Amino acid sequence: MYRIALDALGSDRAPVPEVEGALQAVQEFDDLEVLLVGHRDQVEPLLKAGHPRLHLVHAEQRVEMTDKPSTALKTKPHSSIAEGLRLVKEGTAHAFVSAGNTGAVMAFSLFVLGRIKGIKRPAIGAFFPTIQQPALVLDVGANAVVKPLHLYQFAWMGSLFYAHMFGTERPRVGLLSIGEEATKGNETVIEARKLMEQDPDLNFVGFVEGNDVLFAAADVVVTDGFTGNVMLKFGEGVVSFIARLVKAEIKRDPLALAGALLVKGALNRVKKHIDYEEYGGSPLMGVNGIVMIAHGRSSPRAIKNALKHARHLAEEGVVDLVAEQIHRSASATS
């Protein structure tokens, strides 16, 4: 049985999406238990119907989206984020999922769980749609400034997480730069490229450019957190922009409306292909435990899928695999 701790006070509309998503998850997976971590006065009324594999764990405090991570760390030691991560630390839960304050989840994860031995910096991954399977881009916000070694470790973390989430034996790893030539890019990415090229076990395919990401040039795309976050926010904006543009054009032209009805099935499949809720959340890689960070606007479906992926990563033992690989890499380069 896999037990996942879920921050029941994380999302913008908490705890409704969390409770409903948790119920969907336990109904779909017979080997899953969800520990809903939140204030009993807010969560318990939603559990009246009950389910034998849904459990409430009381937490006195909630971290707001507007809270500074450093302040939350000092003033909210009994928040739903802190208590949920302690369940992982103690071994009561196999993983933790939160749709709350990203910075706070990262800060508490480092404080409560710590880093995997040998990992210099944790990284947040995000899934980008491609014409094939999604690409995992990291880092998308944890580290604005990085060193070549950090990018090299991101490559291995991303490769292992991707392999065990999608069953890809040797994911192709690309390093984001301003050109495919080995001399293109700043000093950091050029030096990181050398580290990746020297590792025969890493399936490194070289530099990839921004316009290559959506066309599946690599399964894992490595970059610094500043660039990755700009990519992520821009991508979300493009998706919303195109959706609004298509709706406006369809409403303006009756013939377009008729055409839209004819291709409704195809449009729905495209929507599903680019929908972040398919993956539920982004893995926080490099900390000593499975942590999934979901979007603040998460629906019950997104929460369910985040729990699903957290369960799968726990089943695969990916944290131990990362620790073993980082140890091997350090030994090989020392």
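Computed from the coordinates by the stated procedures, all read-outs in this text should not be read as laboratory data. All figures in this text were calculated on a predicted structure; none of them were measured in a lab. When we count neighbours, we look across all protein chains shown, and the Cβ atoms used for this are built from the backbone with ideal geometry, even at glycine.
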Can you tell me how much longer the chain between Gln133 and Arg244 gets when fully stretched, taken as 0.36 nm per residue apart minus their C-alpha distance, in nm with one decimal? 37.5 nm
Gyration tensor on Cα atoms of segment 78-215, a ≥ b ≥ c root eigenvalues, a/c under 1.5 rounded, else prolate if a/b beats b/c, else oblate, says prolate
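Using 0.36 nm times the number of residues separating Gln27 and Lys89, minus their current alpha carbon distance, what extension gain do you get?
Details: separation 62, 0.36 × 62 = 22.32 nm, distance 2.63 nm.
Fully extending the segment from Gln27 to Lys89 adds 19.7 nm.
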Leu321 versus Thr168, label points 7 Å from Cα toward the beta carbon: distance in nm? 1.3
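Give me the net charge of Ala8's neighbourhood, meaning all other residues with Cβ under 12 Å from the Cβ of Ala8; Lys, Arg count +1, Asp, Glu -1.
Numbers: positive: Arg13, Arg40, Arg62; negative: Asp7, Glu18, Glu20, Asp41, Glu44, Glu83.
Around Ala8, the surrounding residues sum to -3.
Working out 0.36 nm times the residue gap between Met65 and Ala144, then minus their Cα-Cα distance, what length gain in nm do you get to one decimal? Present the calculation step by step, with values, prior to reporting the outcome.
Working: separation 79, 0.36 × 79 = 28.44 nm, distance 2.02 nm.
Gain on extension, Met65 to Ala144, equals 26.4 nm.
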Binned at 20 Å from zero, the C-alpha pair distances of the chain give percents of 31, 55, 14, 0
Overall form of segment 36-116 per C-alpha gyration tensor (a/c, 1.5; a/b vs b/c): oblate
